[in-house]
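To start, the structure under review is shown below, and the notes come after it.
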Amino acid sequence: MLSRIFRHLLQLGLALSVTTAAYAQQDIKIGVIYPLTGSAASTGAELKAALELAADVINNGAKGIPNLPFSAGGGLPNLKNAKIRLVFADHQGNPQVGATETERLITQEKVVAIVGAYFSNVTATSSQVAERYRIPYLNPESSSAMLTGRGFKWFFRTTAHDDLFVQNFFEFFKDLEARKGIKIRQLGLFNENTLWGNETTKLEARMAQEKGYNIVKAITYPAKSTQLTSEVQSLKSGNPQVVMQSSYLGDAIMAMKTYKELGFMPDMILANNAGFTDTEFIRTLGADADFVITREVWSLDLGKNNPLIKQVNDLFVSRNKVNFTGNSSRTFTGLMTLADAINRAGSTEPEAIRKALSETNITGDRIIMPWKGIKFDQNGQNIYGSGILVQIIDGKYNTVWPFEIATRDVVWPMPKWNRRAR
């Protein structure tokens, strides 16, 4: 009799230990939606790689980087060391596909939160689905200002937005005149025509008028253009000193090739990130990418101010043979921020995660971005997000503004095509 009771207790104990172990190793499924095919597939691949690195740090650790959250590995300690599992979906750059795939991730894959979606117009539709299902949505990179102006409760964005970035452009012009005597008055706008590009055009036009700049040409072109010859000819006819450009990867490369074919080179191309900071931009164009200035949120040369930048970039390089970009570094930071919230929530319940996100307060020394930190306002916007300007010189991005943190002096104007070294 006693032996049977002992065996029963032993079996019960083993069952309990197995159940506990299973719970301890239970995956936390996070849905990820990015362009994994189509014209932005290479961008999507880098964002995917950044997320996989972040998940690996959380799950398995990153020895020698003690200041990086979760670097000890072993999963999320407040959820019995549960591991992060990423469930990827491909939105193909299509807003409707983005909405459909987000619904699938929520209803079929049963993810507890969503990360995405790079394209602002896809982020707009996919986050609407998450809002309807009351699932937290963390957006690391989309910069359309309206995304955090919709009164959503479940949407959080870690990056700064275009309202700030466009302000940075005009602050840069002011500083150029004050410090270097470079006067800029004639602007050309050359932006793709999805939500992001159209909003940027409106912001640039409004601020140019407010600050006394003349827009000689304002051109928006179809986002999926196969050629830009007529648009560039029109832009060239306005003879702008500076072209302010918002393009994703394919059209950024196409525009630069068309500029060269038509012999067009303003004093400066001032780009709005996206395609101009994709690894493939320099890889494809080589020396023809040099001297472009683009707004950024991250640059490897700022590692002198924050050791985490180089330390985590080295991890990324060891896995992917390329450096972080402003896009992939933000994506890495986005997942780390979401994991921090889930861990503090101690729960995978959506409301608990949402509440923890709203209470986020991560200091700048714990992230790889050159920001003061991460803290969300009532609209889900990180109040500490900020921008910099970098210039491509000899195939590398160099911080040139703000001047106080610049690692290299700005080259102005850009050399004309016929004066560049061959």
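Values in this text are rule-based calculations from the coordinates and carry no lab data. It should be emphasised that the depicted structure is a prediction, and the values quoted were computed from it without experimental measurement. All Cβ positions, even for glycine, are placed from backbone atoms using ideal geometry, and neighbour counts span all protein chains on display.
Provide the net charge surrounding residue 410, with neighbours chosen by a C-beta distance below 12 Å and charges set as Lys +1, Arg +1, Asp -1, Glu -1. Don't jump to the answer; show the numbers that get you there.
Numbers: positive: 179, 180, 408; negative: 175, 267, 409.
Here the count lands on 0.
Fully extending the segment from residue 153 to residue 209, taken as 0.36 nm per residue of separation minus the present Cα-Cα distance, adds 16.7 nm. Computed from the coordinates I sent, Cα extents along the principal axes in Å equals one of [x] 58, 48, 39; [y] 66, 42, 38; [z] 98, 42, 37. Tell me the label. Checked against the structure: label [z].
Given in Å, the Rg to one decimal and the Dmax to the nearest whole number for the Cα atoms of region 334-399 are 15.2, 49.
Shown in residue order for region 384-389 are the 3J(HN,Hα) couplings computed by the Karplus curve 6.51 cos²θ - 1.76 cosθ + 1.60 at θ = phi - 60°: 9, x, 8, x, 9, 10 Hz (x for Gly and Pro).
Pairs of lysine residues in region 269-406 that meet both criteria, 8 or more places apart or on different chains and Cα atoms under 28 Å apart, total 12. Could you give the angle, 0 to 90 degrees to the nearest 10, between helix 326-345's Cα long axis and the longest principal axis of the Cα atoms of the chain? Orientation of helix 326-345: about 30 degrees from the principal axis. Relative to the dominant Cα principal axis of the chain, helix 120-133 is inclined by about 30°.
Once a ≥ b ≥ c are taken as the square roots of the eigenvalues of the Cα gyration tensor of region 53-107, is the result rounded (a/c under 1.5), prolate (a/b larger than b/c) or oblate (a/b not larger than b/c)?
Values: a/c = 4.36, a/b = 2.30, b/c = 1.89.
Prolate.
Which of the peptides 70-81, 306-317 is most tightly packed, and how do the rest follow, judged by the mean count of other Cβ atoms within 10 Å per residue?
Details: 70-81: 16.7, 306-317: 18.2.
Ranked by mean Cβ neighbours within 10 Å, highest first: 306-317, 70-81.
How big is the C-alpha Rg of region 235-394 next to the rule-of-thumb value 2.2 N^0.38 Å, as a ratio?
On the way: Rg = 18.7 Å, N = 160, 2.2 N^0.38 = 15.1 Å.
It is 1.23.
Per-residue 3J(HN,Hα) values for region 288-302, derived from phi via the Karplus relation 6.51 cos²θ - 1.76 cosθ + 1.60 with θ = phi - 60°, read 6, 7, 4, 6, 4, 9, 9, 5, 9, 10, 8, 7, 4, 5, 7 Hz in sequence order (x marks Gly and Pro). With the charge dipole of the chain set up from +1 on Lys and Arg Cβ and -1 on Asp and Glu Cβ about the Cα centre, the Cα lying farthest toward the positive end among the listed residues 136, 158, 26 is that of 26. Computed from backbone phi with θ = phi - 60° and the Karplus coefficients 6.51, -1.76 and 1.60, the 3J(HN,Hα) list for region 86-102 is 8, 10, 8, 9, 10, 8, 6, x, 10, x, 5, 4, x, 5, 5, 5, 5 Hz; x is used for glycine and proline.
For a paramagnetic label modelled on residue 229 (point 7 Å from Cα along Cα→Cβ), amide N atoms under 16 Å away belong, within region 241-264, to 254-264.
In the chain, the DSSP-assigned H stretches of four residues or longer account for a calculated mean residue ellipticity at 222 nm of -14000 deg cm²/dmol, using -39500 (n - 2.57) per stretch and the full residue count as denominator.
Using the Kirkwood radius built from alpha carbon pairs, what does the Stokes-Einstein equation give as D for region 118-222 at 4 °C and 1.567 mPa s, in µm² per second? Don't skip to the end; give the middle numbers.
Working: Rh = 15.2 Å.
After rounding, the answer is 85 µm²/s.
How big is the C-alpha Rg of region 156-285 next to the rule-of-thumb value 2.2 N^0.38 Å, as a ratio? If you can, show how the numbers build up before the last one.
On the way: Rg = 14.3 Å, N = 130, 2.2 N^0.38 = 14.0 Å.
Rounded to two decimals, the normalised Rg is 1.02.
Our summary gives region 311-422 a relative contact order of 11 percent, counting only alpha carbon pairs under 8 angstrom and 6 or more residues apart.
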